[in-house]
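Working notes for the structure below.
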Amino acid sequence: QALTYIASNLYTLTFKSFASTKNYIAQQQFSVLYNYQHKFFQTMSVKDIYRQIFEYIKENIPFDRMMLLALDRQDNLPAHKEREGRVVCVDGIDSEQFSGKKFTLSDKGLAVLALLKNRPVERVFSSSMNQYVPRIDSKEKYNMDFRQLFVMPVATENNAEQAELAICLESRTPGRYTEHEMELLKAFAGVAGFAYARACQFEQGKDLASRDGLTGLINHRTLHETLRTEKVRANRQQYNIGVLMMDIDHFKNVNDTYGHPIGDVVIKGIAGAISGEIRKDIDIVARYGGEEFVVGLVETTAEGMIETAERIRKAVQKLVFDVKQADPLRVTVSIGAFLVTPEFHDMKKAVNNADQALYRAKEGGRNQVIRFEEESPDVAAPAT
């Protein structure tokens, strides 16, 4: 009886100790979560939100590989196009294989599924399994060492059909992610989703001030700020910047004949054609005003600048606009080009020089590229 009494008391003490320790750990974890909530609301940058999510997971939840997936902003998506996204952060095993990896919502991966359905996904993989289940898509590198996967979607609205972010955790130890870790991550995802929505809204507001509403390209004011910033970098690294000024030929006739709505369609189509011929993440393209566009070609040569200008000219010439008449509408552009070398410092004058070359191109017959030079302009052959 004495032993039974002692055993009963030991059990009670042990259980209380276990419960107290578990409660203490939970309190510490939620205290960290509370601190991150404060961190989230000290920033208005989407990139900072990515970084803070990454830091929180790294400091508080074990993993052998962690990925953060983000869908591209929907406000920039054409109506007919499927939503895309990419892996914005990754750490751990084979991380170099997944860094920056792009995907669409139709890709057959577990992490993508969590985004698409806005529901957590948890899988345990047996060591006897000989079939790999993709995380993003079937083209990724297979690794059969992982034994558990847990994906927590991060939505920006309650009851949203799709999530905007997803945190994907993988472990080589089965059962590493318990109910407690999943609940903790769920609470964190709720805070992160709200902060992410706030940062996106703030950046969208900045975009409205810096971008043209029709084409989504940067506007006149933002162009000059961007060119000045790029010139500072070019001076440091000693490279050239090509400036192209272009104008839609006979655009007034388009508006007068077909109306301004068709004119807007033409401007949007040409903006898309220009964007398709430059390096999206490197070069600069702006709607300068009305039917004028300016392109800044970063780290280029005189030959590369003229080659790109000709590609743009030909891409525009191939466009066909359906105006609900017997013959479709086709348009052309004239382009003036100026090469900014490291010795040249006035970017406003660079744009003006490209504009002067554009004027010569229009006077010389339109639908051609002319390079500005002080003495004698270098004229590209007009299109036949």
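The values are calculated or read from the model by the stated rules, or taken from the named source; none is laboratory data. Worth saying up front: this structure is predicted, and the values here are computed from it rather than measured. Cβ sites come from the backbone with ideal geometry, for glycine too, and all protein chains shown count toward neighbours. Side chains included, ligands, DNA and RNA excluded: accessible areas come from the protein's heavy atoms. Shrake-Rupley method; radii C 1.70, N 1.55, O 1.52, S 1.80 Å.
Structural remarks
- Lys, Arg +1 and Asp, Glu -1 on Cβ, resulting dipole of the chain about Cα centre, debye, nearest 20: 1020
- For region 130-236, the solvent-accessible area of protein heavy atoms averages 51 Å² per residue (probe radius 1.4 Å; ligands and nucleic acids excluded).
- Label-to-label distance for E363 and Q325 is 3.1 nm, based on points extended 7 Å past Cα in the beta-carbon direction.
- Contour minus Cα-Cα distance for D207 and I282 (0.36 nm per residue): 25.2 nm
- For region 244-284, trypsin sites (Lys or Arg not before Pro) meeting the loop criterion (DSSP other than H, G, I, E, B) and having at most 13 other Cβ atoms within 10 Å: R279, K280.
- Global form of region 136-190, assessed from the alpha-carbon gyration tensor, a/c cut-off 1.5: oblate
- Using the Cβ-Cβ distance between I93 and N158 with R0 set to 30 Å, the FRET efficiency works out to roughly 0.30.
- The largest accessible area among M245, M144 belongs to the first residue in M144, M245, and the rest follow in falling order (1.4 Å probe, all chains).
- Of the solvent-accessible surface of region 183-225, computed with a 1.4 Å probe and all protein chains present, 55% belongs to carbon and sulfur.
- Calculated mean residue ellipticity, 222 nm, the chain: -15500 deg cm²/dmol, from DSSP H runs (n ≥ 4) at -39500 (n - 2.57) each, averaged per residue and rounded to 500.
- Solvent-accessible surface (1.4 angstrom probe) belonging to H250, in square angstrom, nearest 10: 100
- The local environment of R86, defined by Cβ-Cβ distances under 11 Å, has a net charge of 0 under the rule Lys, Arg +1 and Asp, Glu -1.
- Listed residue (F344, V46, S275) projecting farthest to the positive dipole end of the chain, Cβ model: V46
- Nearest 10 degrees, 0 to 90: helix 260-276 Cα axis against the chain principal axis: 70
- Region 282-333 and region 176-238 have their alpha-carbon centroids 27 Å apart.
- Relative contact order of region 295-351, pairs being alpha-carbon contacts under 8 Å that are 6 or more residues apart, as %: 28
- Oblate is the label for region 99-138. Its Cα gyration tensor axes, ordered a ≥ b ≥ c, give a/c of at least 1.5 and b/c at or above a/b.
- Each residue of region 313-320 was assigned a 3J(HN,Hα) from its phi angle through the Karplus curve 6.51 cos²θ - 1.76 cosθ + 1.60 (θ = phi - 60°); the sequence is 4, 5, 5, 5, 4, 7, 5, 10 Hz, with glycine and proline shown as x.
- Assigned charges on the beta-carbon of Lys, Arg, Asp, Glu; region 49-123 dipole about Cα centre (debye): 280
- Cα long-axis angle, helix 2-40 against the chain (0 to 90 degrees, to the nearest 10): 10
- Note on the chain: antiparallel DSSP beta bridges, both residues inside, total approximately 95 percent of the bridges counted.
- When the surface is traced with a 1.4 Å probe over the full set of protein chains, H180 keeps roughly 70 Å² accessible.
- Residues whose amide H lies under 5 Å from that of C89, counting only those 5 or more places away or on a different chain, are L68; hydrogens are built 1.01 Å from N in the peptide plane.
- Gyration tensor verdict on region 187-236 (Cα atoms; rounded if a/c is under 1.5, prolate if a/b is larger than b/c, oblate otherwise): oblate
- Under the Karplus curve 6.51 cos²θ - 1.76 cosθ + 1.60, θ = phi - 60°, whole-Hz ³J(HN,Hα) for region 351-358, x wherever Gly or Pro sits: 5, 5, 5, 5, 5, 5, 5, 4
- Whole-percent carbon and sulfur share, accessible surface of region 78-174, 1.4 Å: 43
- Packing here is the average count of other Cβ atoms within 10 Å per residue, and on that basis the peptides 341-349, 195-203, highest first, run 195-203, 341-349.
- Its Cα gyration tensor gives the chain an equivalent ellipsoid. The semi-axes, each the square root of 5 times an eigenvalue, are 56, 22, 19 Å from largest down.
- Cross-link pairs exceeding 19 Å in C-alpha to C-alpha distance, out of K101/K139; K81/K268; K231/K314; K81/K186; K47/K117; K252/K349, comprise K231/K314; K81/K186; K47/K117; K252/K349.
- Accessible area expressed per residue, region 267-384, with surrounding protein chains retained (probe 1.4 Å, Å²): 51
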